[in-house]
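Everything on this sheet refers to the single structure shown next.
The values are calculated or read from the model by the stated rules, or taken from the named source; none is laboratory data. All values reported here derive from a predicted model rather than from experimental measurement. Ideal geometry is used to build each Cβ from the backbone, glycine not excepted, and the neighbour counts take in all protein chains shown.
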Amino acid sequence: MVPDDLQNKAVQYVSGDMSAPERENFEVLLAWNTELRADVGRLSDAVGALALAEVPAGVTPSAGLKARILNSVAALAGQAGAEALVKTDAEGRIEWVNDAFTAMCGYSLDELKGRRPGAVLQGAETDSAAVGRIRDSMLAGRACRETLINYHKDGSAYRVDVRIDPILDEDGRRLCFVARERKLEMV
């Protein structure tokens with residue numbers, strides 16, 4: 001069952017009552033949670049039905065309207081595959097990663113689940129000041145962006161641009177975090 005806070009976010013998503021960055025972050029949650037994705041599909045159906053209920057008699061909506069809405073929601077999981085994505089709980093412990101993240105760092109979800117990303121990926125060359133800024137931002141429930149040196153499962157170092165956004169409930173409490181990562185060329 002989808003928690004009430006995420007159902008409220010789903011309503012905001014379907015109604016268009018989210019900023020572009022909020023929509024982008026919510027779409028990561030849609031890629032992570034098939035039940036939430038189904039809820040968004042049902043909400044989209046309901047919104048479409050309401051909109052069509054006001055159509056004057058004799059006017060027939062296009063046959064593909066519902067299919068287009070449902071296809072756009074279903075496509076979100078596929079779109080999320082281009083970036084390395086991580087979804088953590090409110091304490092920063094990994095709950096889900098996409099295939100691009102696994103390819104980038106070498107660790108599977110089973111190896112990472114329940115662990116903090118830094119505990120696994122950071123090492124000797126990782127900038128401790130950047131790590132501190134990330135920690136402070138997460139504790140404050142603020143978004144942050146940093147460039148770090150992380151380490152692949154095989155021990156090789158790589159540079160990564162990390163953007164972390166909190167997902168907050170209506171009272172401003174952290175529900176979870178969404179991280180987007182892009183591997184950079186080593187200098």
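Restricting to the range 140-164, name every residue that is touching a Lys or Arg at 6+ places or on another chain (Cβ under 8 Å), of a type outside the set (D, E, K, R) and under 15 Å from residue 177 (Cα atoms). The answer is 141, 143, 144, 162, 164.
Meeting the requirement of 3 or more residues that are loosely packed, with under 13 Cβ neighbours inside 10 Å, the helices (runs of 4 or more DSSP H) wholly within the range 77-141 are 128-140. Only residues that are closer than 15 Å to residue 10 by Cα and out of contact with any helix residue (DSSP H, G or I) (no Cβ under 7 Å at 6 or more places or on another chain) were counted in the range 161-175, giving 1.
Annotation: residue 182 fulfils all but one of (1) assigned to a strand (DSSP E or B); (2) free of Cβ contacts under 8 Å to residues at least 40 places away in the same chain; the unmet one is (2).
Here's the yes/no breakdown for (1) crowded, with 19+ Cβ neighbours inside 10 Å; (2) of a type in the set (Ser, Thr, Tyr); (3) in a loop (DSSP other than H, G, I, E, B); (4) at pLDDT 85 or above:
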site: 2; (1), (2), (3), (4): no, no, yes, no
site: 5; (1), (2), (3), (4): no, no, no, no
site: 8; (1), (2), (3), (4): no, no, no, no
site: 11; (1), (2), (3), (4): no, no, no, no
site: 36; (1), (2), (3), (4): yes, no, no, yes
site: 44; (1), (2), (3), (4): yes, yes, no, no
